[in-house]
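Novice: Once you've had a glance at the structure underneath, I'll fire off some questions.
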Amino acid sequence: MPSPHVYRRIYVWELPVRAFHWINALAIATLGVTGLIIGKPFSVSYAQEASFQYWFGTVRFIHFTAGYVFLFNMLVRVYWGFAGNQYARWSTFIPTTKAAFQEIVEVLKIDILQVSVKGRIHIGHNRLAGLIYFITTFIFFFQALTGFALYGPTSHSILGKLAAWVVPLMGSEAVVRQWHHAMLWFYVLFVMVHVYLVFYHDYVEGRGTTSSMVGGWKFEREDQLDH
Amino acid sequence: MSGGKHTLWEVMREKGYSRRDFMQFCSFAAAAAGLGPNASAAVAKAFEKKARPPVIWLHFQECTCCSESFIRASHPIVADVLLDAISLDYTETLQAAAGHQAEKCKSDTLKAYAGKYILLVEGSVPTKADGVYCTIGGRTAEDILQEAAAGAAAIVAWGNCASYGCVQNAKPNPTGATPIHELISKPVINVPGCPPIADVMVGVVTHILMFGRIPDLDDQGRPKEFYSRRVHDTCYRRPNYDAGLFVETFDDDNARKGFCLYKMGCRGPVTYNACSVTKWNQGTSYPIQSGHGCIGCSENKFWDNGPFYRHLPSFPGFGIESTADSVGVTLGAVAAVGVAAHAISTNIRKRKLIHDQVAEDVKNTPENEKVDR
């Protein structure tokens with residue numbers, strides 16, 4: 001007769017990781033909404049003269065400000081990948097061991113074929129999620145680079161100047177704008193799948209995935225604890 | 001053509017221009033090159049003392065709109081004099097000589113003024129099929145270009161063709177049209193535009209003549225004084241953009257009021273040129289002032305970023321009607337359906353799993369109590 005499962009609380013997400021997550025979420029939401037408006041401005045009141053309103057300028061201002069927040073938040077997280085606990089480190093994002101690749105296959109089976117969880121899933125990011133976040137990091141930086149490359153010529157921003165090389169590399173600003181806009185949809189898809197999978201894994205693993213990003217604690221069965 | 005022996009002042013005097021005309025021209029030239037009011041004395045000095053450098057103007061894959069633009073420079077003397085200020089030793093469109101005579105004229109200049117002449121290039125160079133798509137006098141464009149570039153003191157690429165390849169270089173680029181800076185290892189002054197603004201062209205040439213060196217260039221080889229600002233940032237309709245006042249269709253009331261053409265596909269926000277400052281045709285107007293959006297003709301690959309009347313270009317690989325938004329919405333819908341299907345399937349399975357789990361817990365109840373929590 002199987003003995004009942006005893007769970008232990010494990011502090012997985014340190015404060016900087018949780019802060020990063022929610023600041024990032026907020027920044028992405030802000031950037032996404034304002035970005036869509038900038039790409040396709042809606043018609044507000046045409047009754048007033050241009051000198052009496054500035055709403056589109058304000059939307060752009062919010063977008064640029066959120067862009068700074070997004071980038072620096074990202075950079076802090078990159079640093080924390082070297083300074084944080086074992087669950088925050090870059091080694092959990094990049095699969096190197098055979099076990100890591102086995103876990104990726106296992107998680108794919110759980111997610112796509114919906115088989116029950118059998119093997120052990122990493123208590124931090126599962127190995128598939130980690131890999132996807134790792135790839136996502138490059139897309140984050142792509143978005144920041146193209147964003148600042150577009151922003152640079154309109155400001156005195158040093159970051160804009162640092163990203164100026166992106167424009168000749170990609171051909172022209174029209175191309176940079178095209179891809180910067182297209183990548184917006186990556187975030188939309190990412191958020192949909194990410195949020196859903198958090199809920200799904202919370203259910204199939206039963207380890208408190210969703211609430212862990214608020215409090216930092218996850219739950220692990222005692223018989224699986226020895227790592 | 002007198003081959004660079006005289007100074008500009010000498011040539012003007014010969015033609016009967018007064019000193020006043022000359023000084024007026026110098027002030028204009030200083031302004032055209034983006035210099036301050038005090039610079040006209042230095043300009044006058046340069047034009048009095050420096051011998052005119054001979055100029056070779058080559059024409060390859062182009063439509064001659066750059067030449068047409070150049071001869072319409074706004075100052076009346078410029079049209080007359082600048083073509084004399086430079087000793088234009090070879091240009092197919094304007095020269096009197098033809099055939100072997102013209103070719104000889106060019107090769108004489110290349111030899112006699114090696115390292116001193118200015119090379120102006122109009123048009124891109126085809127590189128596919130050994131360059132057969134553009135030959136002059138039995139020689140390929142690339143061959144002619146390389147020969148002329150070898151001894152040039154300065155090389156200017158006129159227009160989008162020579163700077164970026166323009167329409168010949170648009171996908172699928174059947175002739176392998178190549179911008180000249182990709183073929184030449186020397187620095188090339190790119191003066192993009194289709195055509196470039198006449199006064200900008202004059203400004204660039206004047207700068208070289210006056211200072212004997214090429215102007216400050218940006219990272220794409222464009223003179224900073226003319227190409228450092230976006231059409232959008234100097235546009236007189238810009239306040240409407242910040243206020244969110246947009247033309248929705250070309251025949252609406254907003255268009256009549258002169259609102260921003262952003263939603264009509266205006267490329268002003270991604271185009272670097274002096275149009276909204278210098279304007280065209282003696283400073284009369286420019287496309288946006290005439291109610292039409294900028295098409296970005298001074299930008300690399302502007303033909304491949306169409307359609308011109310839509311803000312978002314077509315998304316590569318998804319056809320002319322697609323945009324990043326239409327592709328994104330489709331993918332988003334697919335993802336939403338996938339997530340919903342997954343959630344439904346999970347919930348169906350959940351019943352059985354919860355049932356089993358509860359059964360297990362019930363079975364384990366006695367042991368459960370013994371576990372030290």
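Novice: Return the average number of partner chain Cβ atoms within 10 angstrom of each residue Cβ along peptide B:338-350.
Specialist: Per-residue shielding by partner chains comes out at 3.
Novice: Given a Förster radius of 22 Å and the C-beta distance between A:His194 and B:Ala341 as r, what FRET efficiency does 1/(1 + (r/R0)^6) yield to the nearest 0.05?
Specialist: According to the calculation, E is roughly 0.80.
Novice: Let me ask another. Given a Förster distance of 22 angstrom, what is the FRET efficiency for A:Ala25 paired with B:Leu331, based on the Cβ-Cβ distance and rounded to 0.05?
Specialist: Calculated transfer efficiency: 0.60.
Novice: Let me ask another. Ordering A:Ile135, A:Ile104 from largest to smallest accessible area (1.4 angstrom probe), what's the sequence?
Specialist: Most to least solvent-accessible, the answer reads A:Ile135, A:Ile104.
Novice: Report the label-to-label distance for B:Ser285 and B:Lys171 in nanometres (one decimal), using points 7 Å from each Cα along the Cα→Cβ vector.
Specialist: If labels sit at B:Ser285 and B:Lys171, their model points lie 3.4 nm apart.
Novice: Right, next: Below 8 Å between Cα atoms, with a sequence gap of 6+, how large is the relative contact order for the stretch A:78-224 in percent?
Specialist: 15 percent
Novice: In addition: In degrees from 0 to 90, rounded to the nearest 10, what is the angle of the helix B:198-211 Cα long axis to the longest principal axis of chain B?
Specialist: Roughly 60 degrees between the two axes.
Novice: Pop out the ³J(HN,Hα) list for the stretch A:215-221 in order, Karplus 6.51 cos²θ - 1.76 cosθ + 1.60 with θ = phi - 60°, rounded to Hz; leave Gly and Pro as x.
Specialist: In residue order, the calculated couplings are x, x, 8, 10, 10, 10, 5 Hz.
Novice: Shifting gears a bit: Once amide H atoms are placed 1.01 Å from N in the peptide plane, what residues at a sequence separation of 5 or more from B:Ile136, or on another chain, have their amide H within under 5 Å of its amide H?
Specialist: Sorted by chain and number, the residues that satisfy this are B:Ala141.
Novice: Short version: ³J(HN,Hα) in whole Hz for each residue of the stretch B:146-151, in order, from phi by Karplus 6.51 cos²θ - 1.76 cosθ + 1.60 (θ = phi - 60°), x for Gly and Pro, what are they?
Specialist: Values, residue by residue: 4, 4, 6, 6, 4, x Hz.
Novice: Here's a follow-up. Peptides B:12-25, B:114-127: what's the order by average Cβ count within 10 Å, highest mean first?
Specialist: B:114-127, B:12-25
Novice: Then there's this: How much solvent-accessible surface does B:Ile344 expose, in Å² to the nearest 10, with a 1.4 Å probe and all protein chains in place?
Specialist: 110 Å²
Novice: Right, next: Give me, ordered by chain and number, the residues 5 or more places off B:Asn273 or on other chains with an amide H under 5 Å from its own placed amide H.
Specialist: Hits under the 5 Å cutoff: B:Arg229, B:Val231.
Novice: Can you give the mean number of other chain Cβ atoms that lie within 10 Å of the Cβ atoms in peptide A:166-174?
Specialist: Whole-number average of other-chain Cβ neighbours for A:166-174 is 6.
Novice: Starting from the 7 Å offset along Cα-to-Cβ, what nm value, one decimal, do you get for the label separation of A:Leu15 and A:Gln102?
Specialist: 3.9 nm
Novice: A further question on this structure: Please compute the average number of Cβ atoms from other chains found within 10 Å of each residue's Cβ in peptide B:325-332.
Specialist: The mean count of partner-chain Cβ atoms within 10 Å per residue comes to 4.
Novice: Please give the charge dipole size of the protein assembly as shown, origin at the Cα centre, charges +1 on K and R Cβ atoms and -1 on D and E Cβ atoms. Round to the nearest 20 debye.
Specialist: I would put it at about 740 debye.
Novice: Whole-Hz Karplus ³J(HN,Hα) for the stretch B:64-70, in order, using 6.51 cos²θ - 1.76 cosθ + 1.60 and θ = phi - 60°, x for Gly and Pro?
Specialist: 6, 5, 5, 4, 4, 5, 4
Novice: While we're on this one: Quick check: the angle from helix B:39-49's long axis to the longest principal axis of chain B, C-alpha only, nearest 10 degrees?
Specialist: Tilt of helix B:39-49: around 50 degrees.
Novice: What angle, in degrees between 0 and 90 and rounded to the nearest 10, separates the Cα long axis of helix B:324-370 from the longest principal axis of the Cα atoms of chain B?
Specialist: Orientation of helix B:324-370: about 30 degrees from the principal axis.
Novice: Round to a whole angstrom and tell me the spacing of the C-alpha centers of the stretch B:197-227 and the stretch B:109-152.
Specialist: Between the Cα centre of the stretch B:197-227 and that of the stretch B:109-152, the gap is 21 Å.
Novice: Let me ask something else. Accessible surface of A:Phe186 in the full protein assembly, 1.4 angstrom probe, to the nearest 10 Å²?
Specialist: Counting only protein heavy atoms, A:Phe186 exposes about 60 Å² to solvent.
The values are calculated or read from the model by the stated rules, or taken from the named source; none is laboratory data. Just so it is clear, the model here is predicted, and its values are computed rather than measured. Note that we place each Cβ from the backbone using ideal geometry, even for glycine, and neighbour counts take in every protein chain shown. SASA here: full protein model, heavy atoms, side chains in, ligands and nucleic acids out. Shrake-Rupley method; radii C 1.70, N 1.55, O 1.52, S 1.80 Å.
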